[in-house]
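A.B. asks: For reference, the structure I am asking about is given below.
Nothing in this text is a laboratory measurement; each read-out follows from the coordinates by a stated rule. Computed from a predicted structure; not experimentally measured. Note that we place each Cβ from the backbone using ideal geometry, even for glycine, and neighbour counts take in every protein chain shown.
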Amino acid sequence: MTRFDDIVSLVPPDVKSVADVGYDHGRVILLLSKTHDHIRIIGVEQQPEARGRFWRLHGADESLRSRVELLHGNGLEPLESKGPDVVVIGGLGERSIVEILARSEGILPGIGRLVLAPMDTKGVLRRYLHSISWSVVEERLSRKRSRFYQVYAAEPGMRSIDASTWLFGTDLFDQNHPLLLEFLTDLKRRYRPMVEHYKDDRDRIPSFYRSINRAIAVAGDMKAKSSP
C-alpha cells in the first residue's frame, strides 16, 4: 500500500464529506471517489492553476463532477462554511501543518477527524495536537524505497500517553508494527548529525534524539520478545 492508500484507509466509511487541504494533482480525491462512493469531496489548493488542471484531466467523469468541489485558498479557511466531517492534510512538514491548524482553531470543533500525513517526523505536530486536546487514534506506517511515511488520524479528546512512545506513534507500538524498529533506526540515523550541529538553548533537537533512543529501546525489546 502507498501512503495515499493509507490516507484513504483512515477516512471512516460512514462520513458524509471529506476535505483534502493541499490536493495538488488530486490523487487523494480520486482514491476517495473510488473507495467512498457516497461522500462529498472538497479540495482546497492555493495553486491557482490546480483546479483547471484537475478538471482538464478528469472533467469527463460525471460522477466526479457531481461530488467534487474544488476551492482556491490556503489552509482551513475556505472550509469555514462547508462543514466537512474529515479533513486530510498531507504533503507538508509537521511545522507547516501546525501553522495551518493554529490559524483555524475556531474551525476545528466542527471537524470530527483529522487525517495527517506529514513529510517529516519531529514530534512537533503530536505535541500541538495534545496541547489542543486532540488525540491520535489510528496510525499507518509504510515505506517506499528508503523513505518511511507516517499517516495518522486524530480526533477531539484526550487519551493517556506513554512518555516513551507517543511522539512516534503509540498505536504503532500497540500493533508491534513490522516496520517500526526500522523506521526509528532510520530516524536516529538522520538526526544524529544534527544533534551537535544544530544544538540550541532549548535543547530541542538533542531532547528529541534522546526520545528516539528511548523509543528504539522499547521497540527492540518488543521485537525480541515476539521472536520465536
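A.B. asks: Would you mind checking the tilt of helix 180-197 against the longest principal axis of the Cα atoms of the chain, expressed as 0 to 90 degrees and rounded to 10?
C.D. replies: With both axes taken from Cα atoms, the answer is about 80 degrees.
A.B. asks: Further, regarding this structure: Can you list the residues, at least 5 places off or on another chain, whose amide H is less than 5 Å from the amide H of Leu71, using H built in the peptide plane?
C.D. replies: Gly43, Val44, Glu45
A.B. asks: Subtracting the Cα-Cα distance from 0.36 nm times the residue separation, let me have the gained length for Lys144 to Asp203 in nm, one decimal.
C.D. replies: Length gained, Lys144 through Asp203: 18.1 nm.
A.B. asks: Can you pull a Stokes-Einstein diffusion coefficient for the stretch 46-182 at 4 °C (1.567 mPa s), Rh from Kirkwood over Cα pairs, as a whole number of µm²/s?
C.D. replies: Once the numbers are plugged in, D ends up at 78 µm²/s.
A.B. asks: Quickly work out the Val15-to-Asp162 label distance, labels modelled 7 Å from Cα along the C-beta direction, and quote it in nm with one decimal.
C.D. replies: Label at Asp162, label at Val15, 2.7 nm between them.
A.B. asks: Do any chymotrypsin sites (Phe, Trp or Tyr not before Pro) in the stretch 132-228 lie in a DSSP loop with no more than 15 other beta carbon atoms within 10 Å, and if so, which?
C.D. replies: Loop-located and lightly packed - Tyr198.
A.B. asks: Do the sum for the chain: with -39,500 (n - 2.57) for every DSSP H run of n ≥ 4, divided by all residues, what is the mean residue ellipticity at 222 nm, to the nearest 500 deg cm²/dmol?
C.D. replies: So the calculated ellipticity at 222 nm is -12500 deg cm²/dmol.
A.B. asks: How many nm separate the modelled label positions at Asn74 and Arg53, each set 7 Å beyond the Cα in the direction of the Cβ?
C.D. replies: 1.8
A.B. asks: I need the fraction of alpha carbon pairs in the stretch 160-228 separated by more than 14 Å, rounded to a whole percent.
C.D. replies: 58
A.B. asks: How much FRET efficiency would the formula 1/(1 + (r/R0)^6) give for Asp221 and Asp37, where r is the Cβ-Cβ distance and R0 is 35 Å, rounded to 0.05?
C.D. replies: Between Asp221 and Asp37 the formula returns 0.20.
A.B. asks: Considering only DSSP states other than H, G, I, E and B, which GluC sites (Glu not before Pro) in the stretch 55-91 qualify as loop sites with at most 16 other Cβ atoms within 10 Å?
C.D. replies: Answer in residue order: Glu80.
A.B. asks: Something else now. In the stretch 168-228, which trypsin sites (Lys or Arg not before Pro) fall in coil by DSSP and have 14 or fewer other Cβ atoms within 10 Å?
C.D. replies: Lys199, Arg202
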